[in-house]
Amino acid sequence: MNPYTQVLGAAHVMALDYLDGVCARQVTPTAEALRGLCRFDEALPGAASDPVDTLRLLHAAGSPATMASQGGRYFGLVVGGALPAAVGAEWLATAWDQLAFTDVTSPVAIKLEAVAAGWVLELLGLPPEATVSFVTGTTMGHLTGLAAARAELLRREGYDLPRRGLRDAPPVRIVASAEIHVSALKVLSLLGYGDHEIERVPVDRQGRMIADALPKLDARTIVLAQAGNVNSGSFDPVGAICDAAHAAGAWVHVDGAFGVWAKASPDFDDLTRGLERADSWTTDTHKWLNTPYECGLAICRHPGAVRAVMGAQAAYTSIGGAASPHDIVPEFSRRARGVEVWAALRSLGGDGVRELVERCCRHARRFAVGLQDLGLEVLNEVAINQVVAAAETPQATSALIEAVQRSGECWFGPTHWQGRAALRISVSSWRTTDEDVERSLRAIADARRGLGHYRRTARSA
Ligand SMILES: *Cc1c(COP(=O)(O)O)cnc(C)c1O
């Protein structure tokens, strides 16, 4: 018998059992479920056992101890669900277990990456000649884009960074928003930049970089802009930043982890205009496109720049093939993650991506109105899918967050915004319905009432 039949049959039943229940159950695992995790505290077994038995334990002790981020009422961090087509495609691709290294090691993985790459560039209005690197997430996208940027700026000045190294290299400056995402700081540190070396540009009350406040730029400067602030969702004026940067020969790298997908809807044209003029972009598909983890894209207008830093050849890897995406990613061995991006895009279509984006933003606006009705102050312009709000005092805000989390009805976390303790809600999942939003608002209202902070306003009366 096929050695996979029983185990995949069991996995299929368990996964459906999980997904059938995940929308209705409480978002956080119960205390009992958390206690059940001790069932994994086993000594490494000496003897082999039935693989189905291993899955049984995984489902019995593991599934209840998940956070129900695959349901519609998880609004923490920036977390999408996983679309049916993407989950199904990932299962099949896992069964294939392809090495997405070249079109010799996996013709199909490389083909689907290429097709998905073309669709992404079309959907986001980015240059068709750009390279699209399928990486684990925006963090690795930063590494790809920023390493390429630095080497390319130096190459233009006649310095061959990959050969001669950093020690004798002329310095390349980093100019970034004061609101730079912590993942970019992590990557800059990996690239050898200390925190204090980063020239911070002030932001306005929405967290947008003030283009007029940019320092004097030159041809040895990388400017890091954001399309979608992780708290407010606001966009830096990327067009104006590109004007200033390109006039000076500088490079513009955009963190568009989730925000870039707003490009798929004409509703956000005013917000996203100019984004297409940057030099490199990084985004996730595991957030707003709702593919499974881990999948992000590094997109670069200058293909040679990425190849110069990510290309790696060894005698044993010269196995032929026309396409070798390992030359444009930090990873070497890689799973076929392009399959899920292809499946998500093919099943949604351009219209589906647009609707997904617009729906999440509509939910976010409804949250903002509902929170105001409960006497909370919404601290951001709800430009896309993010809402930041505060109660009367920092203590009231954190008590509210904790009470809602405890209720298990929905989940969101804390942040600081413009010096104030706040709660942040990110609506990024294809699963979130109008009813999920109303149910979550009811849970927030109940929590407010429980804390003695409920105030009726004209609108909710
Ligand atoms: C999530 C996020 C990142 C980091 O992306 P990963 O996929 O977690 O590596 C970077 N920037 C922003 C704005 C984000 O929301």
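The values are calculated or read from the model by the stated rules, or taken from the named source; none is laboratory data. Remember, it's a predicted structure, so these values are computed and weren't measured experimentally. Every residue, glycine among them, receives a Cβ derived from its backbone with ideal geometry; neighbour counts consider all protein chains shown. To get the accessible areas, we keep the full protein, side chains included, count just its heavy atoms, and leave off ligands, DNA and RNA. Shrake-Rupley method; radii C 1.70, N 1.55, O 1.52, S 1.80 Å.
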>> What are the ³J(HN,Hα) couplings of the stretch 427-442, residue after residue, when phi is run through the Karplus curve with 6.51, -1.76, 1.60 and θ = phi - 60°? Round to Hz, x for glycine and proline.
In response: 9, 10, 9, 4, 7, 5, 10, 4, 5, 4, 5, 5, 4, 5, 5, 5
> With all protein chains present, how much of the accessible area of the stretch 364-461 (probe radius 1.4 Å) comes from carbon and sulfur, to the nearest whole percent?
Replying inline: 50
> Among all the lysines, which ones have a C-alpha under 19 Å from K263's C-alpha, if same-chain residues fewer than 8 places away are not counted?
Replying inline: K287
> Once both labels are modelled 7 Å past Cα along the beta-carbon direction, what's the Q418-L57 spacing in nm?
Replying inline: 5.2
> To the nearest 500 deg cm²/dmol, what mean residue ellipticity at 222 nm is calculated for the chain from DSSP H runs of n ≥ 4 alone, each contributing -39,500 (n - 2.57), summed and divided by the residues?
Replying inline: -12500 deg cm²/dmol
>> Accessible area of the stretch 267-312 with a 1.4 Å probe: how many percent of it is carbon plus sulfur?
In response: 48
> Tell me which lysines have Cα within less than 27 Å of K216's Cα, excluding those fewer than 8 residues away on the same chain?
Replying inline: K186
>> Given axes a ≥ b ≥ c from the Cα gyration tensor, I'd like to know whether the stretch 11-101 is rounded (a/c under 1.5), prolate (a/b larger than b/c) or oblate.
In response: oblate
>> Counting heavy atoms of the protein chains only and a 1.4 Å probe, report the per residue accessible area for the chain as a whole number of Å².
In response: 44
> Which loop GluC sites (Glu not before Pro) in the stretch 19-128, with loop taken from DSSP, have no more than 12 other Cβ atoms within 10 angstrom of their Cβ?
Replying inline: E42
> Which FRET efficiency value, to the nearest 0.05, do you get for D270 and F332 by plugging their Cβ-Cβ distance into 1/(1 + (r/R0)^6) with R0 = 41 Å?
Replying inline: 0.45
> Within the chain, what is the longest stretch that has no trypsin sites (Lys or Arg not before Pro) placed in a DSSP loop and near at most 12 other beta-carbon atoms within 10 Å?
Replying inline: 217-454
> What is the dipole size for the chain, taken about its Cα centre, with +1 at each Lys and Arg Cβ and -1 at each Asp and Glu Cβ, in debye to the nearest 20?
Replying inline: 600
> Once both labels are modelled 7 Å past Cα along the beta-carbon direction, what's the A48-A24 spacing in nm?
Replying inline: 4.0
> Of all accessible surface on the stretch 125-262 at a 1.4 Å probe, what whole percent is carbon and sulfur?
Replying inline: 52
>> Please compute the length gained on full extension between S189 and E355, using 0.36 nm multiplied by the number of residues separating them and subtracting their Cα-Cα distance.
In response: 56.0 nm
>> What does the charge count around A323 come to, taking other residues whose C-beta lies under 10 Å from its C-beta (Lys +1, Arg +1, Asp -1, Glu -1)?
In response: -2
> Could you give P(r) for the chain, binned at 10 Å from zero, as whole percent values over all Cα-Cα pairs?
Replying inline: 4, 19, 27, 25, 17, 7, 1, 0
>> Quick one: 3J(HN,Hα) in Hz for the stretch 298-310, Karplus 6.51/-1.76/1.60 with θ = phi - 60°, rounded, Gly and Pro as x.
In response: 10, 10, 9, 5, 10, x, x, 5, 6, 4, 4, 9, 9
> Using θ = phi - 60° and the Karplus curve 6.51 cos²θ - 1.76 cosθ + 1.60, what whole-Hz ³J(HN,Hα) does each residue of the stretch 362-370 get, with Gly and Pro shown as x?
Replying inline: 5, 4, 5, 5, 4, 4, 4, 5, x
